[in-house]
Structure formats: C-alpha cells, structure tokens
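Heads up, the thing below is written out as structure tokens.
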Amino acid sequence: MNAAIDRRLAVAPMLDWTDRHCRYFHRLISDRVLLYTEMVTCPAILRGDRDKYLGFSPEENPVALQLGGSDPADLAACARIAEDLGYAEINLNVGCPSDRVQKGRFGACLMKEPELVAECFAAMQNAVTIPVTIKSRIGVDDDDAYESFVSFITTVQAAGCDTFIIHARKALLQGLSPKQNRTVPPLKYHYAHDLKAAHPELTVVVNGGIDTVAVAQSHWQQVDGVMVGRAFWNDPWLIREMHEALGFAPMQRDRDAVLTAYVAYCQAMLQQGLSLHWLIRPILGLFHGLPGNKKWKSHLVTEGPRRKDDVSVIAEAREWVKHVS
Ligand SMILES: Cc1cc2nc3c(=O)[nH]c(=O)nc-3n(C[C@H](O)[C@H](O)[C@H](O)COP(=O)(O)O)c2cc1C
C-alpha cells in the first residue's frame, strides 16, 4: 500500500469557476479529489434562490460547500440546510479580501477576530454531523507574524476545529484587488509546514501557487494535503496526474472517455435550458500543452456562445487536437 494514499488532494473553491458543471467534469477525472463549491453567502442561501446556489448533481459527491458569513446562527442554519441536501463538508471562508466581503464583515478580515471564527465554527459544528473546516490566509495586513497565525489557529482549534486549509500568503485588505491578493503577497509555505510539525493532531492542507506534481509531492511530505486552484483550471488533467502520484486506484477513463461522459451531461443540461457557453468553460484546458490545443479552445470559445444549444461544437473542437489518450 502506498504511504501517500492517505494524503489529500483538493480543487480550490473559485467564484464563477468551480460551479456545478466544473465539479461534475473534475469528478470524471478523479474519484478521489475533494471538490469545493464557490463561496456562497448566508443571505444567498437563506433568502435567495436555493437551487441556483446549492443545486448539484449526486455524481459530484463528495462535495464541500464553502460558506461566506460571520453570523453564527445564520451559518448554523446554512450548514444544516447543506447537510440535508447531501453536502459532505462545510468550509468557512476566512480568506477572501474583496471589498464587498469586508463590508459584510466576513472572509479574510475575520482573521482579526479569531474568537468570532471559533464561535462560528462551534455553531456550525453543533448543527451538523458532517465535518466543518476553515480556509484561511496566514495573516492580514501587518498582522502576519507566525505567532499571530498560530494564535488564530489554536483559538479556533479550541472550539473543536481540526482541519485547516491554509492559503499560504497574507491578504492586504486595502489597496489590492482580490486578483492581486492572489499574487502580490509572497507565499510562505513554512507557516503551514511548521503548524503541522507543531500540531500533528491537526489536518493541514496547504494552498497557493502549487502547479506541478513535484511541488505537490514536496508538500505531501510535510502536511496532510494540497489544494490547487488556478493550475487545475488551466490544466484539469493535472488533477489526474496528482491522483496517480498519490497512488489512488487508477481511473479507467482517458481524456476522450471523460469528454464523452461530459458531453452526455451537457446534453442533459441543455435540455434543461442551460446555454452551452457555461458548459464549455471547465473543459477549455483539457488538452493543455498538447498539439492543437489552441485551435480546440478557439473553436469552443467562438462557436460555443453562437450555437448555444448545439453540443456537437465539442466534437468539432476535438477534431483539432492530434490524437492523445
Ligand atoms: C477566479 C477565482 C475565484 C476564487 N474564489 C474563491 C472563493 O470563492 N473562495 C475561496 O476561499 N477562495 C477563492 N479563490 C482563491 C482560491 O481558492 C485559492 O486560494 C487561490 O487561487 C490560491 O490557490 P492557487 O494558487 O492554487 O490558485 C478564488 C481564486 C480565483 C482564481
């Protein structure tokens, strides 16, 4: 048995990207990768269109719902709704630095309020039997000393939380856009590594800038798992490569079989009135780095929006890629 097999692999929550179609596609690539929804706020769930925000296909399972909020009672209510719908984990967003999120007093600014995060965690965990986890940064603004980071973690741990996903850079709450906040502050992986070494009882998953199997492997030696965002979006087959590197049971489907299964899913979604435009986005990177990739993408992005309900656009685009399995 491969010693790496108890290590975790996750696709990061990404607003507008990891929607249900993207997750369905990623699940076809790996039956072991952990999938997270985009962040969904409590008001959206409690007062919005619940099917729009929480609907998912059973085939995506297991899926974690990422919540955005800071009201313990609201978070508990949302966690309960999610558990009833079949979600496998609830994750609290303590990493988003956008102005909108700060105005709502949640996301990354919650790193300044560890007691409140602990209260939110406890309220959610008391409301459900599925695991509740936290995704945080390593700090915000000038408050990014390792000691403050550990103090944040141990305060939340004292409420019972044992799983932390660490985006290993701080967030600057003023002056940087969310996009810049994913590139400008330097990555400090040692915060996550040192946390695991000091608290082996915690499950620590590291996130940020991981884009090759070799880099993931170096983290698996030090922490419990890796979460990957942009690199999986740009090159979804990297999920399969990491799945294999972890020694998980081999997946039978090659790229074409994944595509065939996804086209069947698209047909069902188009029958429900969805536009092809939304369905092609997750597959644009499927042939990343391979001959014909550019033409594959350009066919999809030009024809997809024009022929909104014609799934044969995908088979036509496939013709541009030289044969690969
Ligand atoms: C388009 C986009 C949307 C994102 N939305 C979310 C989100 O909803 N919740 C969250 O916790 N992080 C969000 N993130 C941050 C990612 O989860 C991740 O922490 C970040 O991209 C760093 O990982 P990476 O370098 O592997 O991409 C988003 C990132 C991107 C690129």
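The values are calculated or read from the model by the stated rules, or taken from the named source; none is laboratory data. What you see is a predicted model, and the numbers here were worked out from it, not measured in a lab. All Cβ positions, glycine included, derive from the backbone under ideal geometry; neighbour counts span all protein chains shown. Side chains included, ligands, DNA and RNA excluded: accessible areas come from the protein's heavy atoms. Shrake-Rupley method; radii C 1.70, N 1.55, O 1.52, S 1.80 Å.
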Take the conditions under 23 Å from MET14 (Cβ atoms) and among the small types (Gly, Ala, Ser) and apply them to ALA261. Does it pass?
yes
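So that you can scan it fast, the table gives a plain yes or no per residue for (1) open to solvent by 50 Å² or more (accessible area, probe 1.4 Å); (2) over 29 Å from ALA261 (Cα atoms):
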{"site": "HIS26", "(1), (2)": "no, no"}
{"site": "TYR36", "(1), (2)": "no, no"}
{"site": "PRO58", "(1), (2)": "yes, no"}
{"site": "CYS78", "(1), (2)": "no, yes"}
In the range 185-216, what residues are more than 11 Å from the ligand (Cβ to nearest atom) and touching a Leu at 6+ places or on another chain (Cβ under 6 Å)?
VAL204
Check HIS219 against each of (1) farther than 19 Å from GLU113 by Cα; (2) open to solvent by less than 30 Å² (accessible area, probe 1.4 Å); (3) more than 12 Å from the ligand (Cβ to nearest atom) and name the one condition it does not meet.
(3)
Residue check, SER177 farther than 25 Å from CYS22 by Cβ, surrounded by fewer than 21 Cβ atoms within 10 Å (Cβ to Cβ) and among the hydroxyl-bearing types (Ser, Thr, Tyr):
no
Looking at (1) part of a helix (DSSP H, G or I); (2) closer than 20 Å to ASN207 by Cβ, find the lone condition where SER151 falls short.
(2)
Residue selected from the range 1-41 under the condition more than 14 Å from the ligand (Cβ to nearest atom) and of a type in the set (A, V, I, L, M, F, W, C), by the criterion modelled with the lowest pLDDT
MET1
Would you mind listing the helices (runs of 4 or more DSSP H) fully within the range 221-325 where at least 1 residues are modelled with pLDDT under 95 and farther than 23 Å from PHE56 by Cβ?
293-306
